[in-house]
2 protein chains.
Amino acid sequence: MRVMGVDPGLTRCGLGAVEGRPGTPLTLVGVGVVRTGADEELGARLIGIEAGIEQWLDDVRPDAVAVERVFSQHNVRTVMGTAQAAGIAVLCAARRGLPVALHTPSEVKAAITGSGTADKKQIGAMVTRLLRLPEMPKPADAADALALAICHVWRGGAQSRLAEALARATRKDVRR
Amino acid sequence: MRVMGVDPGLTRCGLGAVEGRPGTPLTLVGVGVVRTGADEELGARLIGIEAGIEQWLDDVRPDAVAVERVFSQHNVRTVMGTAQAAGIAVLCAARRGLPVALHTPSEVKAAITGSGTADKKQIGAMVTRLLRLPEMPKPADAADALALAICHVWRGGAQSRLAEALARATRKDVRR
């Protein structure tokens, strides 16, 4: 299963893709950021984000896309741009018929580190270890995008295992 | 000058276009809403908003697009969808090379009614009067989209008149 994670933002939109299944080692497919200038008009920035994500989807060819669920918090100006970049990521994936999942920051932190309140450094350290990278991916947005993708592989796997267990339980019920 | 106003939203995205110049009567070009189902996935909803806005841009062929500037307020869930719908409207317009303006709700209210704290009914009444319509456009999102378009014609006109006045003043300076 190949998953592309998106840590949305207008100034830096983190993108990272991993390949793997729950219970087996994960592999890095690619990691980077799409940047747009704070001095550009909003329309030009959104076009830049769209073009960057489309290019990544063309290159990576993921089976699913995981996007950070944005909440209204902290700086109002920033969160609106973040929501818009997230919306474009969801739009680009949905136009290709790819399944899209939204994970909250605390879901990602809990999946990767075991703690929903882990800091960026801890996330970066675990992403580096899980993907057996020579150094921590930078900037933090890039590492966060990989964390989203890893979280999705693991949660997707967990959901599949649960579905399998339920299916087995149902079959047993039927046999009785 | 033909302006298309967008009152962004996922459940109801108001769209309204007017034609006119400051100081002359305004004409209604079209008004309506693009709707998406609250039970649909986010990706499908954003695709629906994009397709609806593209169709309107094809039909209306505006010279400019005015979108409501979204603030983080009230219901967090709603404002994120609103920001994403607004982002898609800006993206669609920018991809066509159309100028995009963002106006705050209070700027629109002040332009249309003289008061930045006017209520929806007052906005609807003024839009109906200014466009000489037989009845108030419904739902309120449709009327708000027309108010945005009217606000933009008037503000754009004011800016143009200011630019003209400045140009005249500069020419006088040069002649001296």
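The values are calculated or read from the model by the stated rules, or taken from the named source; none is laboratory data. All of these numbers come straight from a predicted model, not from anything done at the bench. No Cβ is skipped: glycine too gets one built from the backbone with ideal geometry, and neighbour counts run over all protein chains shown. The area values use the complete protein model at the heavy-atom level, side chains included, leaving out ligands, DNA and RNA. Shrake-Rupley method; radii C 1.70, N 1.55, O 1.52, S 1.80 Å.
Legend: mean number of C-beta atoms from other chains within 10 angstrom of residue C-beta atoms, peptide A:45-57, equals 2.
How many percent of DSSP beta bridges within the stretch A:1-138 run antiparallel, rounded to 5?
On the way: 14 of 22 bridges.
About 65 percent, rounded to the nearest 5.
In the context of the full set of protein chains, residues of the protein assembly as shown present 49 Å² of accessible surface per residue (probe radius 1.4 Å, heavy atoms only). Across the stretch A:136-150, computed HN-Hα scalar couplings (Karplus, 6.51 cos²θ - 1.76 cosθ + 1.60, θ = phi - 60°) run 5, x, 10, x, 4, 4, 5, 5, 5, 5, 5, 4, 4, 5, 4 Hz from first to last residue, x flagging Gly and Pro. In nanometres and ascending order, the distances from the B:MET136 label point to those of the other copies are 5.7 (point 7 Å from Cα along Cα→Cβ). Think of it as helices only: each DSSP H run of n ≥ 4 in the protein assembly as shown is worth -39500 (n - 2.57), and spread over all residues that comes to -18500 deg cm²/dmol at 222 nm.
In this label model, B:ARG129 and A:ASP58 are separated by 5.4 nm, measuring between points 7 Å along each Cα→Cβ vector. Surface composition of the stretch A:2-175: carbon plus sulfur atoms contribute 52% of the solvent-accessible area (1.4 Å probe, protein chains only, all chains present).
Rounded to the nearest 5, what % of DSSP beta bridges with both residues in the protein assembly as shown are antiparallel? Bridges in the protein assembly as shown that DSSP calls antiparallel: roughly 65 percent.
Let me have the relative contact order for chain B, percent, based on Cα pairs under 8 Å that are six or more residues apart.
Relative contact order of chain B: 29 percent.
Scanning residues 5 or more positions from B:ALA66 or on other chains, those with amide H under 5 Å from its amide H are B:MET4, B:GLY5, B:VAL6, B:ALA101, with H placed 1.01 Å from N in the peptide plane.
Other chains' Cβ within 10 Å of B:99-106 residues: what's the mean?
1
For the stretch A:129-134, 3J(HN,Hα) computed residue by residue from phi via the Karplus equation (6.51, -1.76, 1.60; θ = phi - 60°) reads 5, 5, 9, 6, 8, x Hz, glycine and proline entered as x. Near A:VAL29, the amide H atoms lying under 5 Å from its own belong to A:ALA17, A:VAL18, A:GLU19; only residues 5 or more places off or on other chains count, and H is placed 1.01 Å from N. Annotation for the stretch A:13-89 versus the stretch A:118-147: alpha-carbon center distance of 16 Å.
Placing +1 on each Lys and Arg Cβ and -1 on each Asp and Glu Cβ, with no other charges, gives the stretch A:2-175 a dipole about its Cα centre of roughly 840 debye. Counting from the shortest, the label point at A:ALA38, 7 Å from Cα toward Cβ, is 3.8 nm from the same position in each remaining copy. Taken about its Cα centre, the stretch A:1-55 carries a charge dipole of roughly 300 debye when the Cβ of each Lys and Arg holds +1 and the Cβ of each Asp and Glu holds -1.
Decide, for the stretch A:21-116, between rounded, prolate and oblate: order the square roots of the alpha carbon gyration tensor eigenvalues as a ≥ b ≥ c, take rounded if a/c falls under 1.5, and otherwise choose prolate if a/b is larger than b/c, else oblate.
Oblate shape, in that a/c is at least 1.5 and b/c is the bigger or equal ratio.
The count of lysine pairs in chain A with alpha-carbon distances below 22 Å, taking only pairs 8 or more places apart or on different chains, stands at 5. Only protein heavy atoms count here, probed at 1.4 Å, and on that basis chains B and A bury about 1800 Å² of accessible area in total.
Starting from a label point 7 Å past Cα on the Cβ side, list the distances from B:THR24 to the same position in the other copies, nm, shortest first. The projected label point of B:THR24 is separated from its counterparts by 6.9 nm. Taken residue by residue and averaged, Cβ atoms of other chains lying within 10 Å of the Cβ of A:36-42 number 2.
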